[in-house]
1. For the structure I just gave you, tell me whether ALA98 is part of a loop (DSSP other than H, G, I, E, B) and surrounded by fewer than 23 Cβ atoms within 10 Å (Cβ to Cβ).
2. For region 211-243, how many residues meet the condition of being over 20 Å from SER72 (Cα atoms) and modelled with pLDDT under 90?
3. Looking at region 142-152, is at least one residue within 30 Å of ASP228 (Cβ to Cβ), touching a Ser or Thr at 6+ places or on another chain (Cβ under 6 Å) and surrounded by 20 or more Cβ atoms within 10 Å (Cβ to Cβ)?
4. Of the numbered conditions (1) surrounded by 13 or more Cβ atoms within 10 Å (Cβ to Cβ); (2) farther than 26 Å from ALA105 by Cα, VAL195 fails exactly one; give the number of that condition.
5. Among the residues of region 162-195 satisfying the criterion of being small (Gly, Ala, Ser) and part of a loop (DSSP other than H, G, I, E, B), which is nearest to ILE125 (Cα to Cα)?
6. If we keep just the residues of region 116-141 that are among the hydroxyl-bearing types (Ser, Thr, Tyr) and surrounded by 15 or more Cβ atoms within 10 Å (Cβ to Cβ), which is nearest to GLN96 (Cα to Cα)?
7. Run ASP130 past the list (1) of a type in the set (D, E, K, R); (2) over 11 Å from the mean Cα position of the chain (by Cα); (3) in a strand (DSSP E or B) and report the number of the one that doesn't hold.
8. Does region 153-170 hold any residues that are buried (at least 24 other Cβ atoms within 10 Å of the Cβ) and either at pLDDT below 95 or in contact with a helix residue (DSSP H, G or I) (Cβ under 8 Å, 6 or more places away or on another chain) (or both), and which are they?
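The values are calculated or read from the model by the stated rules, or taken from the named source; none is laboratory data. Note that the structure is a prediction, hence the values are computed from the model and not measured. Cβ placement follows ideal geometry from the backbone for every residue including glycine, while neighbour counts extend to all protein chains displayed.
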Amino acid sequence: MSSKVRVSLALCLAAALTAVPFARGATSNVVVSQVFAGGGNSGAPFTNDFVELFNRSSSPVNVTGWSVQYASAASTSWQTTPLTGTIQPGKYFLVQLASAASVGAPLPAPDATGTTNLAASGGKIALVRDANALACGATAGSCSSAATIEDFVGYGTAADWEGAAAVDALSNTTAAVRSAGGCTDTNANAADFAVAAPAPRNSASAGGTCGAGTPPSSVTGSAAVDLDLQPVLSIALERPTISFGRVFSGDTPAPISERITVVSTGAGGYSLTAHRTAFVPADLPLAIAASSTAPLLPVPVPPAADLVVASTTSASAATGDVWPANVGFASPLPSLPSGHYTSTLTFTVIAR
């Protein structure tokens, strides 16, 4: 997935580059009903990551001013996607998020959109009744006191969750799917969700009513079960946007951390590479270092070959390999007209 590098110039040159349960007093009216984190990855059925919401109540819920928030497995830094509109009783609300590549089918028309990249190996999703970013999630139960959280889901290697355990890890082809079409909510992620094929629904999709009518004494059903076990290959970035603030011509801005987490189950290992687009309206000497002690190397612009940031000949750790890269500039910034300069830095993981 990509980091966007923003640069703005002012005056000469200013650059813009044992588990603890999640406590809750009552179940939620609006819940997270699906989480898909494989959008656009190899073999993915859909191009974008998404979070699906469901109104379990019998009344409309206005979510204007609310947000869907994401933090990686152990992080307390949350990315927010604002929501607007009303979710009718028994209806869904689809939040489209980032895409790794043009792989898979487009999602149904989303009800909200954001740019957050979800990691399939583990992460945390919160439905929050305001737009303020959370600051919890480093340990189990740490978000339980956040009064603005409407619903919370931890999956895979997440450090926080509802109930006794997180939902199992997801993949390029699977999602966390809440039982009973979204109606089940016991505030226990592992019990309320199953890992299954994603089936995104939006506000135009058929809905249902939770707990309506008298249920029959028993019902039966059967389903054919099959799977295609795929190797896991995913990438998560510390920063989706790298901004260097305001600097001047002749400055060499201090490098900014861009830790890259790679999960790869392939026994042959992988390579991590980087390339970028040229800055507009004029190019700048963007560079990257594989660690805080490594030298900054210029990041190539296609058709030049990608720069190899890191490589390994074995599978990653279960929680992923963390490459502590730094993004900076290979030389002082040239004398250019003041203005806003932007580029996109793209990291790619290639399995061996």
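1. Spelling it out, ALA98 is indeed part of a loop (DSSP other than H, G, I, E, B) and surrounded by fewer than 23 Cβ atoms within 10 Å (Cβ to Cβ).
2. Count: 21.
3. no
4. Going through the list (1) surrounded by 13 or more Cβ atoms within 10 Å (Cβ to Cβ); (2) farther than 26 Å from ALA105 by Cα, VAL195 breaks only (2).
5. ALA166
6. Among those that are among the hydroxyl-bearing types (Ser, Thr, Tyr) and surrounded by 15 or more Cβ atoms within 10 Å (Cβ to Cβ), it is THR116.
7. (3)
8. Passing the criteria: VAL153, GLY154, TYR155, TRP161, GLU162, ALA166, VAL167.
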